[in-house]
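Report on the following structure.
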Amino acid sequence: MSTDNLQTDVEDESSLISVDAWDRIKHTERFIFMVSVAFVLTFSYLFSRAPVVSDVTQGYHGLTITILIWSIFALGFNLLLGQTGLLSFGHAMFFGTASYATALFSIHVFNEPLLIVVVGVLSALALGVVAAVILLRLHTVYFAIVALAIGQFLYFLASNPLEGITQGINGLEVERTPLLGMVDLEHEYGGILGELVVNNLYLFVGAFFVGAVVFITRVRKSPYGLIFKAIRENETRASFVGLDVWRYKFAAFLLSAGITGLAGALLAVNTQFAGVERLYWSISGDVVVMAVLGGLGTLAGPVIGTFVWFYFKGIVNGYPMLGNYWLLMLAVSFTAVVWVYPDGIWGMITDFTAELREPRNLAEKVKGRLTGGSAAEGSDGGER
Amino acid sequence: MTKKQMQTDSSRRQYLKAIGATGLAAGIAGCSGGGDGGDGGDGGDGGDGGDGYEAIGNFPPEGDTVAIGFNGPTSGALGPDGQDQERGYDLAIDHLNNGGGLVDFWDRLSGDGIMGHQVEPTKADTAGSADTAQDNIERMIQQDNIQFWTGGMSSTVTMAMQNVAQREKVPFMGGNSTSAGISGENCSRYYFHPTFHAEIIGMAMGEAAPSVLGEDRSLFHIFMDYSYGQSNRDAARKYLTEQGPWEHAGEAAIAEGESDHSSQIQALEESGADTLYFSSFGSFAASGLAQLRDAGLTDEIDVIIPHVSAFTLDPLGADAEGVLGMEPWNPAADNEASQVFVEAYQDEYGETPNQSSLHTYESMMVYAAAVEEAGTFHPPTVVRTLEEFEWSLAWGDSVFREADHQVERPWYLVQGVGDDRAEELGIRTEVVETTDPLIYGTDSFPATECAMDENEYGDE
């Protein structure tokens, strides 16, 4: 599945520009930090305003903020499924709960963007503790289904009995206030900065995105994160080694819940709205699709998957004629990608670059295809 | 919302517009390439839309076209109504640009675009989700520069969009949604509600139903136990039994997601009521009615469903026969404009339009006429023109109230018909009774909940 941690112990004396050096660099935390910063700084520009590129993508600034937020959600979800191997069909519970907590705190207590986001994350963590106690006793499909049930339970709770608090299907409005009482989130920049990031809201969300990526990388690179992987690969063996499996699963679950909550809280700040649909089970399904489409267990995968998803939802949706079939087209693309590349789009890219590095194999393979003979076996197929 | 915030809003629009205008000349922010030279930092004082109004929201439109958006649920549970809305919208674009239909009928419109600007469509599917609707509308506002938009069925989405319209200063009309909060606590300066909601349905029912079914009736309620069902039950109780001639016979709630209605049906039977107010919709209503029929009750008891639409009646099929309900419009409506619209629609699509098709169509006619009358697209001026705007097209004699932006117009008590008659009519309902234009006073619920003064025009 993933290739992180693989190169950390590679000792190599080759020159700086060699492929091996690149392999070493690309897995360092500093490199990932810099890539994520560069991504945030250029994403909005490339997608919505750059010449030629944006004419092709037809993107717009508002969608880039939505994509960053949902990427955080997908990354948080991936930490549980891709890293630890726990498939939850109820992650909407953290997303929606954090969204509500953010909105309610801003309405009834105090409204400051940073503070209400923190409150949102804390609410998701609190819910995570309760849900984990129930869920971690269960395995595989029971785990997934009971997670779904808890999510739906909260959905019904919010839409009806708690209507007085949540306003039911009408939802809550979140007023926009300056960050720390002085920075206007809607402030527009001029010049180069304006061209790149447009406004403070994008920077605000972008900073959380980078923070989430860095945090997840730290977890993945740490011995702690390695144990998550060990549990994913073989839970029984992990416990025989003497690890307290429950405790590690609990930690992974909480981390995932907190990061998902961060996304839910940011979405409430971004849309200035919190509604019951964010607790609905289909949200939990959407995020599974995003993570799997992009590539489970990787860092870039969930972000790519989220981008593709929102590309269909936000851009293809608006095409004349074709627009009404955006869901169908997304479903077909998803099926096609996962059929050919079970490791998702990121898996497709890494497969391809791996082949490029072995020109001889590639040439043989192409030749084999051209001559109609059965193609050579898939280059190396990853470590699965 | 403060003035300062609105200024930054408008400067962002200008800024984004300026970027769009510079197009390939990237990297140079604030270059005045197109018709509107704003450089991002000057807080909306540089608009030169040609008619002396300051830039605000998405105003002024660029060049000689004007973009109008459609943001409705063309997929998902509300898909059937959303697709009808889309067809009405497409037809309105065609007529506004090239003449035909109600544009030719109405002397306030020219058939040569709006104020000489050709209308450019831009559409998106909300799938019934408020978050998707929000992404869509951001695209239309930031990228397509829409001056107005229409479409929408679910109350959740309409309410979220009311707030967006107010924030972005882009007028919006035409969520065919029936939550009273839309014209109550959630009312917005930049949204106009051109249809009824639970309170008006109850009121129109109180006006029309007793004259059709007689005054000596006992009414039982079966309702979905959340805001949709509850608000319809409350309104019906108020206007049919508390203030009306009928007697209250009891009620039974359906928990959300519950599909077996046998306990409610038993309660209905025991109550001895002869009329049922069934506050349900869509496939839920369909299965509920089938269960009533199996219990042998449909012959003795008259059933009323508050709001009927394609979405509600089509799943019922032949079971719809004899069921009463309210519609905001019906193709058999007794006015000339309706017949003009029905003919134009049939010519284009080969089928009979319904309330959803007309909903977006007439909303766009009304917006276009208001712009023509105001002589500008300037949003605050258009909104002021729409407040107390009077017109008479397919919806009948209509007027928007300034206090809550709710429309006052006639409503239609309709009856479901069997398969043969439905084939003949092209729609599953026929008009039983048309009410006079009616609406509650501004001093009663939900108008009392609406604080319109807190919603600014943006150019004060």
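How charged is the neighbourhood of A:His91? Take every other residue with its Cβ under 12 Å from the Cβ of A:His91, and add Lys/Arg as +1 and Asp/Glu as -1. Intermediate results must be reported in sequence, preceding the final value.
Numbers: positive: A:Arg278; negative: A:Asp286.
Within the 12 Å Cβ shell, the charges total 0.
If we count other beta carbons within 10 Å of each Cβ, what is the order of A:Leu370, A:Leu254, fewest first? If you can, show how the numbers build up before the last one.
On the way: A:Leu370 8, A:Leu254 18.
Ordered from fewest to most neighbouring Cβ atoms within 10 Å, A:Leu370, A:Leu254 come out as A:Leu370, A:Leu254.
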- Can you work out ³J(HN,Hα) from phi for every residue in region B:390-399, in order, using Karplus 6.51 cos²θ - 1.76 cosθ + 1.60 and θ = phi - 60°, giving whole Hz and x for Gly and Pro? 10, 7, 9, 10, 5, 6, x, 5, 10, 8
- Query: Considering amide H positions built from the backbone, and no H for Pro or chain starts, which residues 5 or more places from A:Leu185, or on another chain, come under 5 Å of its amide H?
  - Reply: A:Leu179
- Item | Ascending count of other beta-carbon atoms within 10 Å, so fewest first, for B:Ser398, B:Ser444, B:Ser357 | B:Ser444, B:Ser398, B:Ser357
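Which of A:Trp309, A:Trp281 comes first, and how do the rest follow, when ranked by fewest Cβ neighbours within 10 Å?
Working: A:Trp309 22, A:Trp281 17.
By the 10 Å Cβ count, ascending: A:Trp281, A:Trp309.
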- Could you pull out the GluC sites (Glu not before Pro) across region A:86-183 that fall in loop regions by DSSP (anything but H, G, I, E, B) with no more than 13 other Cβ atoms inside 10 Å? A:Glu175
- Message: Using the Cα centre of region A:144-258 as origin and beta-carbon charges of +1 (Lys, Arg) and -1 (Asp, Glu), tell me which of A:Ile227, A:Val241, A:Val146 is placed farthest towards the positive end of the dipole.
- Response: A:Val241
- Message: Quick one: 3J(HN,Hα) in Hz for region A:229-242, Karplus 6.51/-1.76/1.60 with θ = phi - 60°, rounded, Gly and Pro as x.
- Response: 5, 4, 5, 4, 6, 6, 5, 4, 5, 4, 6, 5, 5, x
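If you count the DSSP beta bridges with both ends in chain B, what percent of them are antiparallel, to the nearest 5? Intermediate results must be reported in sequence, preceding the final value.
Numbers: 18 of 52 bridges.
Percent antiparallel among DSSP bridges in chain B is about 35.
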- Report ³J(HN,Hα) in whole Hz for each residue of region A:112-118, in order, from the Karplus equation J = 6.51 cos²θ - 1.76 cosθ + 1.60 where θ = phi - 60°; Gly and Pro get x. 9, x, 4, 5, 5, 5, 4
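Cβ under 14 Å from B:Asp107's Cβ, B:Asp107 left aside: what net charge do those residues give with Lys, Arg +1 and Asp, Glu -1? Before the final figure, lay out the partial values.
Details: positive: B:Arg108; negative: B:Asp104, B:Asp112, B:Glu336, B:Glu372, B:Glu373.
Once positives and negatives cancel, what remains is -4.
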- Signed unit charges on C-beta, dipole axis of the protein assembly as shown, positive-most listed residue A:Ile25, B:Val212, B:Leu425: A:Ile25
- 10 Å Cβ neighbours from other chains, averaged over peptide B:64-76: 1
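So for chain B, averaging the separation of alpha carbon pairs under 8 Å that are six or more residues apart and normalising by length, what relative contact order in percent results?
Numbers: 1000 pairs, mean separation 75.1, N = 460.
Dividing the mean separation by the residue count of chain B yields 16 percent.
Can you tell me the relative contact order of chain A? Whole percent, Cα pairs under 8 Å, sequence separation 6 or more. Don't skip to the answer; put the middle values down first.
On the way: 583 pairs, mean separation 100.6, N = 384.
Taking the mean separation of contacting Cα pairs over the length of chain A, I get 26 percent.
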- Item | When the convex hull of its Cα atoms is projected in every direction, mean area for the protein assembly as shown (nm²) | 39.2 nm²
- Which is farthest toward the positive dipole end of region B:347-460 among B:Tyr361, B:Gln415, B:Tyr457, measuring Cα position about the Cα centre, with Cβ charges +1 (Lys, Arg) and -1 (Asp, Glu)? B:Gln415
- Query: Calculated from DSSP H runs of 4 or more alone, at -39500 (n - 2.57) each and per residue, what is the 222 nm mean residue ellipticity of chain B, nearest 500?
  - Reply: -12000 deg cm²/dmol
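If R0 is 41 Å, what FRET efficiency do you get for A:Leu193 and A:Arg237 from their C-beta distance, rounded to 0.05?
0.20
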- Query: Which cross-chain or sequence-distant (5 or more) residues have an amide H under 5 Å from the amide H of B:Leu78, H modelled 1.01 Å from N in plane?
  - Reply: none
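Each reported figure results from applying straightforward, stated rules to the coordinates on display, with no laboratory input. Only a predicted model underlies this, so the values are computations on that prediction, with no experimental measurement involved. Glycine gets a Cβ as well: all are built from the backbone with ideal geometry, and neighbour counts include every protein chain shown.
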